Structures are given as structure tokens and as C-alpha cells.
1. If you take every residue apart from Ser86 with its C-beta less than 12 Å away from the C-beta of Ser86, what net charge results, scoring Lys and Arg +1 and Asp and Glu -1?
2. Note down the net charge around Glu18, summing +1 for each Lys or Arg and -1 for each Asp or Glu among other residues with Cβ under 14 Å from its Cβ.
3. What is the Cα centroid distance between the stretch 419-493 and the stretch 310-361, reported in whole angstrom?
4. Stokes-Einstein D for the stretch 336-466 at 4 °C, 1.567 mPa s, Kirkwood Rh over Cα pairs, in µm²/s?
5. Short version: what are the Cα gyration tensor semi-axes of the stretch 234-274, square root of 5 times each eigenvalue, largest first, in whole Å?
6. Taking N as the number of residues in the stretch 302-370, what value does Rg over Cα atoms divided by 2.2 N^0.38 Å take?
7. Straight distance only, please: which lysines reach the Cα of Lys90 with their own Cα at less than 18 Å, same-chain residues fewer than 8 apart left out?
8. Which pairs in the list Lys68/Lys482; Lys127/Lys182; Lys230/Lys261 are over 22 Å apart, alpha-carbon to alpha-carbon?
Amino acid sequence: MDNIAKTLTKYQMFIGGEWTDSESGTHFESDNPYTGKPWALIPRGNAADVERAVAAAHQAFTSGEWPKLNATKRGALLRRLGDLISEKSKALAEIEVRDNGKLYAEMSAQTAYMAQWYYYYGGLADKIEGHVIPSDKPDTFNYTRYEPLGVVAAIIPWNSPLLLLAWKLAPALAAGNTMVIKPSEYTSASALEFMKLIEQAGFPPGVVNVVTGFGTEVGTPLVEHPRVAKVAFTGSDATGQKIYQAAARSLKRVSMELGGKSPNIVFDDAHIDNAVKGVISGIFAATGQTCIAGSRLLVQDSIHDAFVEKLVAFARTAKMGDPMSLDTQVGPVTNRPQFEKILKYIDIAKSEGAKPALGGTQATRPECGDGWFVEPTIFTGVHNAMRIAQEEVFGPVLSVIPFRDEEEAIAIGNDVVFGLAAGVWTQNMRRAFMMSERLQAGTVWVNTYRAVSYLSPFGGYKRSGIGRESGQEMIKEYLQTKSVWISTASEVPNPFVMR
Ligand code: NAI
Ligand code: MG
């Protein structure tokens, strides 16, 4: 044990501009999903560390340099951070891959692209304009200001840690807030490495803080802390509900993105080879561990058998193995509990009567070593009422459900509690527009899948979430509106009647 501990990379938390151990002085291990073995020691924070971090963030919000910086200067800091991310994107991607097992091919592109959120919101920082209200009262001048909220808590999951942090941190800082970040206990290293860039960019101490640890030990006290003004969360439906309830007790604002069970709908008039690729990208890219996974394939019954045959033939060739190799297509699952959850859902699907047309087991290929790998799995014979069609698996498991016509595709597509995304594959323009209108989802892709941008609002209908991320409008989720009234009258009128 001592020998292992010596070879592990030991991290510290980042609070008030200082690198620090947790108050308890203890650590927990973070695993590399490809080897199935620990590689890092992460400080195990608790309520005392949350207290320190929120105090630092509150102090940075109310005094010192940060509140005095004008919006243009805040924007310049964000753009400098964007430049540093661009320079260090490969190193950040390597940390992400080591800790969460996603493909380097995808993560290196993602960490480079992530800089755009900091550039975009850096540019937006000084373009948030209040209004002069055409007052109906005599001798008054009324205008609005958009002001920051205060300390924002960001609670981050393990699937795309730095990107999902960027979606929250960039607009929150552009708006003038300060932040306490709680990364996932499975993937805390990248947020800590990222704090080196925050330091280098020159953000004043306390503006951005990271407390590492577990959901109940760090997440709960953070959400309950009276000085936290807003909680921005991405993660599971169950945890989202707990956070919403806890936040309600102190009337905190929340924004949440809680995953989905998105339909990827293929009509018989689709360009079939493109649709096959689109379905693959929706469920096997990132090993299916994405909130937007197209985990239900709805395929028109006239092409069902031929389409499934092509899909299975394509998926069968997917190369598994080391996520750092550029030719690997399906990597490991990020953590052991998730690996076990996926295998449990595969068993549930089988017991419900679904038939595996591909996979349906743990992957024991030699190139998978001791890592947590699951074979790309395609179930046919699925009915939309089955649990495998209703519940988020968050793994490489696709359910194929046939449909007859447009009406049935819409009915099945919308018949889940979630509404994050949907895909439609058709060459008919009327059908494309009509489906985009009638699918209850925050994002609809037609003849493409898994496209996201800093320019475009992203979020969920129904139980997939509250609020939006990215795009111009959403910066308002990190601002509050103040209405200012100034009298130009020389005398105060009758004080006993409302003005
Ligand atoms: P989770 O939702 O429990 O964890 C997300 C974050 O919330 C982590 O930082 C965690 O420490 C924190 N957290 C947990 N309990 C908390 C509490 N009571 N108060 C405050 N913070 C708390 O997700 P988990 O357990 O890692 O994954 C479980 C499932 O969640 C997956 O199987 C998948 O279905 C879903 N998921 C969805 C994601 C999405 O992008 N929407 C991302 C990751 C997981
Ligand atoms: Mg890990």
C-alpha cells in the first residue's frame, strides 16, 4: 500500500488563491479506467473546506480587486484564460483521459474547443446593457442594471469535466460572480490542474476555488451554504432532485442538466449510410457516457431489418482498447460503479425479453486488459415501456424500437420523462421541420447528431433540466435585474399615496 501511495500523483485543493490540503488531511484515490488502478490521490474535503472556500469566494465578490474590475477587464482575463487553454489543451486532455478514460482523439479536440467558451463570454462581458425605461411617472428617470448574483456553486460530473465546467464558469465570471467548484469524485484531477491556468491568467484570489470530495461530504454543505446564491449542476436525475430540494430551503437559484433517453429516429427515406453513422455516434462515441446519448433508435418498420443489419455490421468493427491510441473507437467506462450499472441494465433488458443483436456482455478482448470495458450492445425487440427504453443507462447500450409512421414516431419519441435531445434522419423537408417542431427536446438534430456549440443554447425539456447553457441569452442566468428610480422633481409629492 505504501509503495503504491508513493507512485500516485498527490493533489491539493485550491481555495482563496492557495494550494491547500483538506482540513481532515485525508485523501481518496482516483482510478485510471483503462488500467482499473488508482493513479492519483485527491484531498477528501468536508464541510470545513466548503466553509473556507465559500468565505474566500464571498470575500472576493465583496471586496478587493474583483468587484472593482470593469466588465472589459473581466473579459480580458477570460480571453487570457482562453489563450492559456489553447496552449495547454493537449496536457489537459491527457489528464482527462487518464482520469475518465474517454478517447484522447475526442478529448484533445474538446479541450481545445473549450477555449471558445472563455473567448465568447469574455467578449460578451462588456456587452450586457441595461435599459432606460420610458417612465410613465412625471419627473422620474428609471433604468435597469444587470448585476451578478454572488457566489455560484458549480457541481460537475465525470463525463466531460472541463467542458461542462467551462459552460458554467465562463458565463458566471463574465457576469462578475465568483465560484466554488466541486468536481466529481471520479475525475477531480483536471479541475485542479485547470486552477494553475486560473492563477496564471491573473484572476484575483478567491474568485475561483475548488473543493474536492464526495457528494454528501462536499456537495451537500455547498448547496446548503447560506452564502451560495446559485447552484449550477450537471449530473444524474436523482442527485438533481436532491439538490433542487436542498436549494429550495434557502431559495437559491438553480440551473440543472440531468441527462436523457434521447430518440434517434430513422425514416425509410433517410440516407441510410449517413443514418447508420449518426446512430453510432449517438450511442457508441464516448462509450455512450453522454447526457445526449441517442440511446433509443426508432426505426421505421419497413427498413427495420436491413437497417439493424447494417448497424450491427458497422458497430462490430469498432476498435476497443487504450483510450490514448488515436485509432481506438470505444474506450472504457469511467468508473467501476458505472461499469456495474451498465451490466445490470444489460441483464434487466434481457430479462424484459430484449434480444442482443450485438454485444450484451462485459468486453474481455485482450486489448481491454483489466479496464472497465463493455461490448457495444444493440438490443432489438424493445418496447418503449421497458425499463431499458425508459431509464438512462449512460453506456454503450442501444435499444431498437420499430415505428409505423410519423405520428407513432412522435408518440414513442416523446413518451419518456426526459427531453434533452432528439435526432431525425430523413431527406423530406416537410418531415424534417414538422418533426423538429413536435419533438419535446431542448435540442433537435436533423441528419446529424451530437453537435454542440458555445453559440447555441443547450438544455432540457421536461425532467432533463432547468435553464440553458451557452449562447448569449443564458448569461442572464448568472445575473439579476435591478430597477433604479431617480426623481428629478424639486419637491417630494404627497407621501400618503403611491407614486
Ligand atoms: P451524480 O449526479 O450523483 O454526480 C454528479 C455530481 O454531483 C458529482 O460531483 C457528485 O459528487 C455530486 N453529488 C452527488 N450527490 C450530491 C448531493 N447530495 N449534493 C450535492 N452534490 C452531490 O452522478 P454519478 O453518481 O456520478 O453518476 C450516476 C448517473 O448519473 C450515471 O449513471 C448517469 O446516468 C448520470 N449522469 C449524467 C450526467 C449528465 O451529463 N447529465 C453526467 C454523469 C452522470
Ligand atoms: Mg478517475
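The values are calculated or read from the model by the stated rules, or taken from the named source; none is laboratory data. The shown structure was predicted, so the numbers you read here are calculated from the model rather than taken from an experiment. Quick reminder, even Gly has a Cβ in these numbers, built from the backbone with ideal geometry, and neighbours come from all protein chains shown. Note: areas computed on protein heavy atoms with side chains; ligands, DNA, RNA excluded. Shrake-Rupley method; radii C 1.70, N 1.55, O 1.52, S 1.80 Å.
1. For residues surrounding Ser86, the net value is +2.
2. -2
3. After rounding, the separation between the Cα centres reads 33 Å.
4. Here the translational diffusion coefficient equals 79 µm²/s.
5. In descending order the semi-axes read 38, 9, 7 Å.
6. Taking the Cα Rg and dividing by 2.2 N^0.38 Å, one obtains 1.28.
7. Partners within reach: Lys102, Lys196.
8. Beyond 22 Å: Lys127/Lys182; Lys230/Lys261.
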